[in-house]
Amino acid sequence: MLTGIVSDHGGFALKEEIKKHFPDINWKDYGCFSEESVDYPDMAKYLAKGILSNEISRGIAICGTGIGISIALNRFNHIRAALCHDIVTAEMARKHNDANILSIGGRILDNEKAFAIISTFFTTEFEGGRHQRRVEKLETMG
Ligand code: RB5
């Protein structure tokens, strides 16, 4: 299965480093493809469409802070984008929230910290149980 990755210009440099650092992951790169300015809601939409069409099952979204692109992604049904700044939040985003998208800030994290967060996010399973009910409620929010 492909793993999606997307960024705006504020996350472009980190996106490229991530692909190099994790060459064994089959990436589907939804852009952007240079440091030319783009709008994070547009970039979020490309990744969201990838999830909604089942082209990808999980993804990484990067803007300058990770904030704008996570806000945009969470406006789509079935998307659970978690903005994570460290290993603990990445672990909890999977265990309790079954997040399908990791959002990070390209101007916030250094490469090594971002790589550690990504490794944690992609190797941590959802715990289910009482969290399953809560995640299901997210699907009926309106
Ligand atoms: C773009 O300059 C910047 O605003 C964007 O990358 C992001 O940080 C927004 O939340």
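Overview of values
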read-out	value
Subset of the stretch 1-46 that is among the hydrophobic types (A, V, I, L, M, F, W, C) and over 22 Å from residue 116 (Cα atoms) - its residue that is most open to solvent (accessible area, probe 1.4 Å)	33
Complete set of residues in the stretch 121-142 that are assigned to a loop (DSSP other than H, G, I, E, B), touching a residue at least 24 places away in the same chain (Cβ under 8 Å) and over 17 Å from the mean Cα position of the chain (by Cα)	127, 139
Contacts under 7 angstrom Cβ, first residue in the stretch 47-69 being under 18 Å from residue 9 (Cα atoms) and touching a residue at least 12 places away in the same chain (Cβ under 8 Å), partner surrounded by fewer than 22 Cβ atoms within 10 Å (Cβ to Cβ) and among the charged types (D, E, K, R), 6 or more apart	64/107; 65/107
Residue selected from the stretch 72-88 under the condition more than 16 Å from the ligand (Cβ to nearest atom) and of a type in the set (D, E, K, R), by the criterion nearest to residue 141 (Cα to Cα)	80
Test: residue in the stretch 79-91 that is among the acidic types (Asp, Glu) and under 20 Å from residue 134 (Cα atoms)	yes
Within the stretch 10-47, tally of residues that are assigned to a helix (DSSP H, G or I) and of a type in the set (Phe, Trp, Tyr)	3
Counted residues, the stretch 93-108 - those being over 14 Å from the mean Cα position of the chain (by Cα) and of a type in the set (A, V, I, L, M, F, W, C)	1
Test result for residue 118, in a helix (DSSP H, G or I) and open to solvent by 80 Å² or more (accessible area, probe 1.4 Å)	no
Qualifying residues in the stretch 47-71 (those that are polar (S, T, N, Q) and within 16 Å of the ligand (Cβ to nearest atom)) - the one least open to solvent (accessible area, probe 1.4 Å)	70
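Conditions (1) away from the ligand (no atom under 16 Å from the Cβ); (2) among the aromatic types (Phe, Trp, Tyr), marked per residue:
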position	(1), (2)
12	no, yes
20	yes, no
25	yes, no
30	no, yes
34	no, no
39	no, no
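The values are calculated or read from the model by the stated rules, or taken from the named source; none is laboratory data. Note that this is a predicted model, so its numbers are computed, not measured. Cβ sites come from the backbone with ideal geometry, for glycine too, and all protein chains shown count toward neighbours. All accessible areas refer to the heavy atoms of the entire protein, side chains included, with ligands and DNA or RNA removed. Shrake-Rupley method; radii C 1.70, N 1.55, O 1.52, S 1.80 Å.
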